[in-house]
Amino acid sequence: MGNDSSNQMWGGRFSAGPDAIMEAINASIGFDQRMAAQDIAGSRAHAAMLAATGILSDSDAEAIRKGLLTVLSEIEGGTFQFSTALEDIHMNVEARLKEIIGEPAGRLHTGRSRNDQVATDFKLWVRDQFDAAIEGLQALIRALLAQAEAGADWVMPGFTHLQTAQPVTWGHHMMAYVEMFGRDVGRFRDARARMNECPLGAAALAGTSFPIDRHMTAQALGFDRPAANSLDAVSDRDFALEFLADASICAMHLSRFAEELVIWSSAQFRFVTLSDRFSTGSSIMPQKKNPDAAELIRAKIGRIFGANVALMTVMKGLPLAYSKDMQEDKEQVFDAADNLMLALAAMEGMVRDMSANRESLAAAAGSGFSTATDLADWLVRVLNMPFRDAHHVTGTLVALAEKKGCDLPDLTLGDMQSVHAEITDDVFGVLGVENSVASRTSYGGTAPEQVRAQIARWKEVLG
């Protein structure tokens, strides 16, 4: 194929030919500039260690230290000129450092490679995201605890298959999500502890012949220890994969809750009223108030789960140690982290602002024969009936109530005795929804006293 045809296929952007294509595919500065602060922190720790071990003179180390602070202030101030020709954040910083301090800048890279440098920078960035996610989850848990405390004894329907099952309390339902998001906190903490080993000093893949002190740089950067194998240190991206896996599970929990909020805020349910701050109006239907924030949270799982699958796919065929494929690790993680934090913040805002409609919840709690299990339990407990027989008797009574167009508590004692003669007036004591929830006193049950005990436990955990 001739050169002209090739240029047409590349399109206007790449009309300069192969050099432009190579620069575009090879450069990462468009996204890895987000790691500037981490890159400079790593370089400062490395330079201080080189001076402490006598590899670098104190004067050169001091020039590097001051120069790096100047570069950082330029980046933070928005005056730094990023260059695609310099490929990545590491080379951009080093080139600017050389402009500022001259020849000592060339000594900074002694005893390290871009391979261990990028692994360190990326680890530092992801570690910050673990901390941010934990903080965001704790804020959301606190918002849920406030909702649970306000409605610890408010009755509502509990569902299985999205059909009325047994009455529960609003507080109990809120606390279910506290447990979910609490596990997410645990996962993020576990992964953070596991990833907190420093790759710096692994160099390209085999370590270095310079007498570096890897424990010093690890400590300076807040790592627990240096990574123990140089091949693994530069080729490991488990920390990013664990962040994405944990973020995917967390986003799934957020999506489940968002789905409930969409349903609950509908005119058919009216369980909750979402604030105007987290809803939008319709462009054509003036009566509408759409739960857009909840719907967008529900959609975030697609992006976050997609990032997880994408990075797993990038990593799955790579031999040790570093391969350029690994440059494709960052954009996925950056996008997932941004969207997870946005979803957490939006959900916290919605939970803090929403109001549960106690009357609607109570009315729904008593519908759909929700106390049928209480009736069956009463037959077992009081009449010593085998549970399977009690289940059959209760089913017959439900069918009778359905035929009469009423609920179980509305049946007369005569109606009940027509099905089973030994039923007494005492049965009506268990058929109200308030009695039902109050009776569920087993550990982790929906009784208000149990709900309040769990709220107290979580408050203690959060401190």
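Rg and Dmax of the chain, both derived from C-alpha coordinates alone, stand at 30.8, 100 Å.
Protein-only accessible surface at a 1.4 angstrom probe places the residues 121, 213, 60 in the order 213, 60, 121, largest first.
Placing a pseudo-label 7 Å from each Cα along the Cα-to-Cβ vector at residue 268 and residue 439 gives an inter-label distance of 3.1 nm. In a fully extended conformation the segment linking residue 418 and residue 65 would gain 118.0 nm over its present Cα-Cα distance, using 0.36 nm per residue.
Semi-axis lengths, largest first, of the ellipsoid equivalent to segment 271-374 are 42, 20, 11 Å, with √(5λ) applied to each eigenvalue of the Cα gyration tensor.
Across 110, 273, 120, the residue with the most accessible area heads the list, and the full order at a 1.4 Å probe is 273, 110, 120. For segment 97-140, the solvent-accessible area of protein heavy atoms averages 33 Å² per residue (probe radius 1.4 Å; ligands and nucleic acids excluded).
With R₀ set to 25 Å, the beta-carbon distance separating residue 396 from residue 358 gives a calculated FRET efficiency near 0.15. Averaged per residue, segment 367-462 has 54 square angstrom of accessible surface, using a 1.4 angstrom probe with ligands and nucleic acids left out. Spatially, segment 59-102 and segment 360-430 are offset by 77 Å when compared through their Cα centroids.
Using square roots of five times the C-alpha gyration tensor eigenvalues, list the equivalent-ellipsoid semi-axes of segment 20-107 in whole Å, biggest first.
Values: eigenvalues 122, 35, 26 Å².
So the equivalent ellipsoid measures 25, 13, 11 Å along its semi-axes.
Judged by the gyration tensor of its Cα atoms, with axes a ≥ b ≥ c, segment 367-462 is prolate; a/c meets the 1.5 cut and a/b is the larger of a/b and b/c. Eigen-decomposition of the gyration tensor built on the alpha-carbon atoms of segment 360-407 gives equivalent ellipsoid semi-axes of 22, 13, 6 angstrom, largest listed first. In segment 201-315, if every C-alpha pair distance is counted and binned at 10 Å from zero, what percent goes to each bin? Histogramming segment 201-315 at 10 Å steps yields 12, 25, 19, 17, 13, 10, 4, 0 percent. Compared with the alpha-carbon gap, the fully stretched path from residue 150 to residue 381 is longer by 79.9 nm at 0.36 nm per residue.
The values are calculated or read from the model by the stated rules, or taken from the named source; none is laboratory data. A quick note: this is a predicted structure, and the numbers were derived from the prediction, not measured. Note that we place each Cβ from the backbone using ideal geometry, even for glycine, and neighbour counts take in every protein chain shown. Heads up: the accessible areas ignore ligands, DNA and RNA and are worked out on the full protein's heavy atoms, side chains in. Shrake-Rupley method; radii C 1.70, N 1.55, O 1.52, S 1.80 Å.
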